[in-house]
Amino acid sequence: MKRILFLLLFLVPVSFLLLNAFSDQKYEYYSIATGTTAGTYYPVGVGLANLYTEELGENVRVTGQSSGGSVENVDLLREGEAEFATIQGVIGDFAYQGKDIYADNTYEDLRAVTTLWPNAEQFPLKNSQITTGNLADIEGTNFSLGSRGSGTEQTTRIIMNSLGMSKKDINQDYLGFGDTISAMRDGTLQGGAVSAGLPTTAITDMYASGVNATLLDVSDEQLQKIQSSSEVFYRYTIPAETYPNQREEIRTIAQGNFMGTDANVNKETVYQITKNTYENLERVHGIHSVTKNITLENSLEGLTVPLHSGAYKYYKEQGVKVPENLMPPKEKKG
């Protein structure tokens, strides 16, 4: 009995000390702001976060958090509520340049880490509303612009404005990708905007579940007008059979996505994030079909926002030629 009592008296303090040691272990926490769970940003962001957690050391924890998309992500970076974020090219460009919705709210500390993949602008519309087969058909319909405050909403508005349309020309709604397709299936919505990498879960669901709808084309004339608003947009073709029962190719447009961060995020952290992205490409390419676009050769493609100094350091080591407009402002001064 005395021996048992002695062991208890010995083990309890030791256990307490061990628990304290573990609880005192300091972790570095980083967050990647993504998008809605039915889009592409979320699964890619979570996959990258898991990779970084495994590769950056036992004291580092990186998480992917769902959000309303690019516009909210810019706010999260600016407010320090996320260290990294997936952002549409046009939203990042406007935020850094102080254009459009950012005219009085320029984000001069926005920085790029790497280009990610093309964001295809997809416009599903019920077949009963289609006459031309292009974007002109959305006028007068019950149409979702995307989640309120999202990059999809702002991108769709920019596209509509460049074509001489406004929100007043549609009966607008504000739904995420999955909810847009559900509402079209239920008959409460006739179409919507889905801005994401291919294949997009919500559009796969639309075709696979037999929703009587089609993705609209963007005509050459419409493309020219859209490009006059922002040069980040370019012609993009969705091949036939990208989605179930999709018999014909879709001639739409796309813009690049990039991983953004804030200029004040630690240089070594951003360097390690960049390095571990490109030194683990086999795993990166296994996260989602869109991540196969992530290569060192494509790392700066379509970027208009300057690089973070940590990312710039890695690209210099790898011999990547960085245009002057993408160099960190401090590097250009020094």
- Message: Please verify whether Ile203 is in contact with a Pro (Cβ under 9 Å, 6 or more places away or on another chain) and either over 24 Å from Arg148 (Cα atoms) or in contact (Cβ under 8 Å) with a residue 24 or more places away in the chain (or both), treating the condition exactly as stated.
- Response: yes
- Going by the structure shown, is Glu153 part of a helix (DSSP H, G or I) and either of a type in the set (Ser, Thr, Tyr) or surrounded by 18 or more Cβ atoms within 10 Å (Cβ to Cβ) (or both)? yes
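For (1) farther than 14 Å from Gly192 by Cα; (2) assigned by TED's automatic domain parsing to the domain that holds Phe233; (3) of a type in the set (Asp, Glu), each residue gets a yes or a no:
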{"position": "Ala103", "(1), (2), (3)": "yes, no, no"}
{"position": "Glu108", "(1), (2), (3)": "yes, no, yes"}
{"position": "Ala136", "(1), (2), (3)": "no, yes, no"}
{"position": "Gly146", "(1), (2), (3)": "no, yes, no"}
{"position": "Gly149", "(1), (2), (3)": "yes, yes, no"}
{"position": "Glu153", "(1), (2), (3)": "no, yes, yes"}
{"position": "Asn161", "(1), (2), (3)": "yes, yes, no"}
{"position": "Lys167", "(1), (2), (3)": "no, yes, no"}
- Residue that is nearest to Thr86 (Cα to Cα) [pool: residues in the range 134-154 that are modelled with pLDDT of 95 or more and among the β-branched types (Val, Ile, Thr)]: Ile138
- Message: Can you name every one of the helices (runs of 4 or more DSSP H) wholly within the range 219-334 that holds 2 or more residues which are surrounded by fewer than 19 Cβ atoms within 10 Å (Cβ to Cβ) and at pLDDT 95 or above?
- Response: 220-229, 267-278, 281-285, 309-317
- Task: Tell me which residues, restricted to the range 167-203, are hydroxyl-bearing (Ser, Thr, Tyr), modelled with pLDDT of 95 or more and within 28 Å of Gln227 (Cα to Cα).
- Result: Tyr174, Thr180
- Scan (1) under 16 Å from the mean Cα position of the chain (by Cα); (2) outside any helix (DSSP H, G or I); (3) at pLDDT below 95 for the single condition Thr63 breaks and write down its number. (3)
- Name the single residue, out of those in the range 66-76 being at pLDDT 95 or above and either outside the structural domain of Glu282 (by TED's automatic domain parsing) or buried (at least 24 other Cβ atoms within 10 Å of the Cβ) (or both), that is farthest from the chain's Cα centre (by Cα). Val74
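The values are calculated or read from the model by the stated rules, or taken from the named source; none is laboratory data. For clarity, every value in this text was computed on a predicted model and none was experimentally measured. Cβ atoms come from the backbone with ideal geometry, glycine included; neighbour counts cover every protein chain shown.
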